[in-house]
Amino acid sequence: MVWASGWRLASAVSNAGGLGLIGAGSMYPEVLLEHIKKCQKATDKPFGVNIPMLYPDVERIIDICITSGVKIVFTSAGNPKTWTTHLKQHGITVVHVVSSVKFAQKAEQAGVDALVAEGFEAGGHNGRDETTTMTLIPIVKEKIDIPLIAAGGISSGRSMLAAMVLGADGVQIGSRFVASIEASSHQLFKQEVVKAGEGDTQLTLKELTPVRLIKNKFYQDVQQAYANGASVEDLKVLLGRSRAKKGMFEGDLEEGELEIGQVAALIHEIQPASEIVAQIMQGFRKAIAEITTWN
Ligand SMILES: Cc1cc2nc3c(=O)[nH]c(=O)nc-3n(C[C@H](O)[C@H](O)[C@H](O)COP(=O)(O)O)c2cc1C
């Protein structure tokens, strides 16, 4: 996750038994290299790097992953055909993030090893079709044969089990880890996530890249621009550069973009990542035990 998943969070998640990911999308190549090296020192467990493929320096980012010995890459926001073969030729496992069946099939054809199917509830950049996780997972499952990871709206063992019952082989959890001690997100943003309730986030800026945001002043400014009949160009100007950094990393809760999922309504405290993983796994086992009493 941009502005949240540096080496501290990725290694903490991996050490706790999950697969931690470094979010390359907010890092200059040399910064990413530093995070990879620190992550390698901080954990001997597997971890990966998420690369949004629209990133301007994507070639260098890919090269750094290959030369520094990264074994798992999650690609998002772009065509999986462009880099999958190259990454796999270097022994890297490639997982691609999609938000629709059409893109899931394209990614499978491109040869990725697994898919993340991310529903409309999710924090961050999102699909245009507004397909929720509840609907997306079974329809993607019906059409693909490779392992499927569900994302969007999952924050507990209960929701993890639900996603797996729908057909997922695993889950990707974002928002809950933003509110972790190890996330590099600004403390004020983390506190805002804890405060957010049901209905406090909305998907917006569909004409650019759809993104789910907390409804803060910047979000209201975007809504006002729509009401005034803003063109795509106007929206681009309003968004400008570095809005995400301003909100999530620098803690400007008014002028910045605050990317988080609907599930923020279920996040009640800022916790160590290891505690989050342990709670989720405990909740998962408890939910299975509850279900097995049903018949
Ligand atoms: C602050 C934030 C930043 C994110 N950045 C990225 C990113 O750079 N690349 C990506 O593929 N997904 C990104 N995501 C999406 C997550 O990887 C994950 O799929 C999503 O958060 C899952 O839904 P949830 O928020 O309901 O847990 C981001 C999510 C958040 C909340």
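Can you work out the accessible area per residue across the chain, with the rest of the protein chains kept in place, probe 1.4 Å, in square angstrom? Walk me through the numbers on the way to the answer.
Values: 14050 Å² over 295 residues.
Value returned for the chain: 48 Å² of accessible area per residue.
This model, with +1 at the C-beta of Lys and Arg and -1 at the C-beta of Asp and Glu, gives region 241-295 a dipole about its Cα centre of some 260 debye.
Could you tell me the distance between the Cα centroids of region 111-188 and region 212-234, to the nearest Å? Spelled out, the Cα-based centre of one part sits 27 Å from the other. Remark: region 161-262 carries a charge dipole of roughly 60 debye about the Cα centre, counting +1 on each Lys and Arg Cβ and -1 on each Asp and Glu Cβ. Extension gain, residue 68 to residue 295, is 76.6 nm, computed as 0.36 nm per intervening residue step minus the present C-alpha separation. Normalised by 2.2 N^0.38 Å, with N the number of residues, the alpha-carbon radius of gyration of region 219-295 equals 1.74. Across all Cα atoms of region 50-157, the radius of gyration (one decimal) and Dmax (whole number) stand at 13.7, 39 Å.
Note that the chain shows a convex hull volume over its alpha carbon atoms of 129 Å³ per residue.
When the P(r) of region 107-192 is calculated, the portion above 22 Å amounts to 31% of the C-alpha pairs. Computed over every Cα-Cα pair of region 1-86 and binned at 10 Å starting from 0, the pair-distance distribution P(r) comes out as 20, 56, 23, 1 percent.
Please report, in whole Å³, the volume per residue of the convex hull around the C-alpha atoms of region 69-222.
Values: hull volume 19.9 nm³, N = 154.
That works out to 129 Å³ per residue.
Here's the picture: charge each Lys and Arg Cβ at +1 and each Asp and Glu Cβ at -1 in the chain, and of 276, 48, 186 the one pushed furthest to the positive end of that dipole is 48. Over all Cα atoms in region 163-282, the spread is summed up by Rg and Dmax: 15.8, 49 Å.
Efficiency by 1/(1 + (r/R0)^6): what FRET value for residue 45 and residue 215, r their Cβ-Cβ distance, R0 = 35 Å, to the nearest 0.05?
Details: r = 38 Å, r/R0 = 1.07.
So the FRET efficiency works out to roughly 0.40.
Quick one: which of 206/236; 106/141; 195/286; 215/246; 88/143; 106/143 span more than 20 angstrom between C-alpha atoms? Going by Cα-Cα distance, 195/286; 88/143 fall outside the 20 Å limit.
Beyond 14 Å, how much of the Cα-Cα pair distribution for region 185-234 remains, as a whole percent? Cα-Cα pairs in region 185-234 separated by more than 14 Å: 59 percent. Between the residues 23, 66, 127, the greatest Cα displacement towards the positive end of the dipole of the chain, with unit charges on the Cβ of Lys, Arg, Asp and Glu, is found for 66.
The values are calculated or read from the model by the stated rules, or taken from the named source; none is laboratory data. Just so you know, these numbers come straight off a predicted model, no measurement behind them. Here Cβ is always computed from backbone atoms with ideal geometry, including for glycine, and neighbour counts include all displayed protein chains. Areas reflect the complete protein model, heavy atoms only, side chains present, ligands, DNA and RNA absent. Shrake-Rupley method; radii C 1.70, N 1.55, O 1.52, S 1.80 Å.
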